[in-house]
Amino acid sequence: MSERQAIPSSITGKGAAYSGSVLDHKYGSSDPYTLGVEEEYMLLDGDSFDLVQHIETVLAAIEGHELQPRIAPELMQSVLEIATPVCHTAGDVMRELTTLRRYVTGVARESGMRVGSAGTHPFSLFERQRITARDRYHALVDQMQYVARRELIFGMHIHVAVDDPDKAIQVVNGLLPQLAPLLALSASSPFWRGEPTGLASSRQMVFSAFPRSGPPPRFRDYADFAEVVGQLERTGCIADYTHIWWDIRLHARLGTVEIRICDAVARVEDAVALTAYCQALVKLLSERYEAGEQIPSYHRILISENKWLAGRYGLEAPVMDLATGRRNRVPVAHLVRRTLREIEPHARELGSDRELEGISEILSRGNGADRQLRVFNANRDIVEVVQEFAAATEALPESVQEEAGAPAS
């Protein structure tokens with residue numbers, strides 16, 4: 001939940017400001033469709049694979065390194081966040097994420113730790129975690145109490161730049177039906193507190209207790225959004241808009257649409273595929289807006305129902321096909337495949353079509369939750385689950401291995 005800069009580098013970290021009821025913004029200050037990705041990682045004991053409270057050890061070790069500005073603490077001392085610089089293509093994201101993952105896993109290993117990426121730790125308990133010694137986090141816990149203390153979850157946030165604030169509002173409205181597909185593709189948290197939950201994403205169920213979370217409301221335009229946020233800020237309900245934690249939100253001071261629905265994923269290839277998917281969707285919706293087309297929008301309760309089904313069943317979710325209004329539900333994978341056909345030309349124009357192919361690979365082999373459950377069901381060993389996704393988090397993609405002259409795994 002840190003609010004560090006991911007896009008663009010010219011923007012300061014100052015809080016949002018208001019001029020009357022209009023939220024100051026940076027839409028149009030950078031090239032459209034540029035990208036930034038944030039990932040939250042677990043710090044793991046190298047032997048037990050339980051979470052360890054060693055973020056300060058990591059921060060001390062990276063002091064002065066060129067990547068230090070891209071690495072930050074999070075609410076819990078067992079969590080590490082990384083953020084890419086501005087990227088133009090999903091291929092750029094692959095290079096940056098690979099560099100950051102390789103660096104932080106190397107730093108962790110030097111201190112006897114491992115790094116893992118998934119939506120939840122399968123067996124560590126939130127009661128044993130310590131809050132990071134930062135004023136923001138202590139204030140959050142003081143306000144939220146139990147709701148914040150149990151927030152031992154890990155996500156991936158994808159920023160896509162948009163060049164106009166009203167366009168950004170309509171892009172968010174158009175992205176709402178994609179919450180269920182994105183959650184199903186990324187779901188990687190089937191365990192909570194040592195138990196298989198029967199859910200593909202228990203992370204989503206834990207986070208739903210937070211205020212100002214879930215699918216965003218549909219706004220008419222940017223002024224409508226700014227007025228609502230302004231009311232929350234003027235009355236002291238929130239310090240600024242970054243205390244709104246919707247599944248998709250505008251990040252005004254970065255000039256981006258921020259997609260926050262995804263669980264953290266172990267394989268870097270999957271993170272990059274999801275980024276390519278989001279980037280192409282934003283381009284598709286932006287061009288429809290520019291052409292004067294009506295972007296379909298659906299009631300929040302329908303979006304929330306599909307999201308619940310995706311969090312429960314993952315890629316097997318039987319969801320409503322809101323675009324066609326079919327009387328029978330369809331597999332969420334059917335919606336993903338249809339979306340892929342629509343966005344493939346846009347991904348090609350963006351230079352991200354190769355990375356987008358990773359979405360079809362997720363559909364064919366399953367998501368992170370499927371992979372964790374296969375490992376667990378083989379031996380009923382929950383530690384083995386963490387060992388497996390830690391290894392997957394640390395693994396270099398084949399393309400990077402080949403460039404480095406290492407044998408492909």
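The values are calculated or read from the model by the stated rules, or taken from the named source; none is laboratory data. Remember, predicted model here, so these are calculated numbers, not experimental data. Quick reminder, even Gly has a Cβ in these numbers, built from the backbone with ideal geometry, and neighbours come from all protein chains shown. Ligands, DNA and RNA are excluded from the accessible area calculation, which covers all protein heavy atoms including side chains. Shrake-Rupley method; radii C 1.70, N 1.55, O 1.52, S 1.80 Å.
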Would you tally the residues in segment 175-199 being open to solvent by 10 Å² or more (accessible area, probe 1.4 Å) and either part of a loop (DSSP other than H, G, I, E, B) or of a type outside the set (F, W, Y) (or both)? 9
If the requirement is being modelled with pLDDT of 95 or more, in contact with a helix residue (DSSP H, G or I) (Cβ under 7 Å, 6 or more places away or on another chain) and surrounded by fewer than 19 Cβ atoms within 10 Å (Cβ to Cβ), which of these qualifies: L59, L44, L67, L80? L67
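Results for (1) within 27 Å of V86 (Cβ to Cβ); (2) open to solvent by 10 Å² or more (accessible area, probe 1.4 Å); (3) in contact (Cβ under 8 Å) with a residue 40 or more places away in the chain, shown as yes or no for each residue.
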| site | (1), (2), (3) |
| --- | --- |
| R218 | no, yes, yes |
| F225 | yes, no, yes |
| Y241 | yes, no, yes |
| W246 | yes, yes, no |
| I261 | yes, no, yes |
| A271 | yes, no, yes |
| A276 | yes, no, yes |
| Q279 | yes, no, yes |
Kindly indicate whether P215 is under 22 Å from the mean Cα position of the chain (by Cα), at pLDDT 95 or above and farther than 23 Å from T34 by Cβ. yes
Starting from segment 152-165, take each residue that is open to solvent by 10 Å² or more (accessible area, probe 1.4 Å) and list its partners that are among the basic types (K, R), counting only C-beta distances under 8 angstrom and pairs at least six apart or across chains. I153/R203; H157/R260
When the residues of segment 323-339 are filtered to those that are closer than 20 Å to A200 by Cβ and in contact (Cβ under 8 Å) with a residue 60 or more places away in the chain, which remaining residue is surrounded by the most Cβ atoms within 10 Å (Cβ to Cβ)? V332
Can we say I295 is of a type in the set (A, V, I, L, M, F, W, C), open to solvent by less than 50 Å² (accessible area, probe 1.4 Å) and over 23 Å from the mean Cα position of the chain (by Cα)? yes
All-but-one check, M205 against (1) open to solvent by 10 Å² or more (accessible area, probe 1.4 Å); (2) over 25 Å from E81 (Cα atoms), failing number (2)
Cβ pairs under 7 Å, 6+ apart, first in segment 347-366 and open to solvent by 40 Å² or more (accessible area, probe 1.4 Å), second outside any helix (DSSP H, G or I): G351/T89
For segment 103-151 the number of residues that are at pLDDT 95 or above, open to solvent by 10 Å² or more (accessible area, probe 1.4 Å) and of a type in the set (V, I, T) is 2
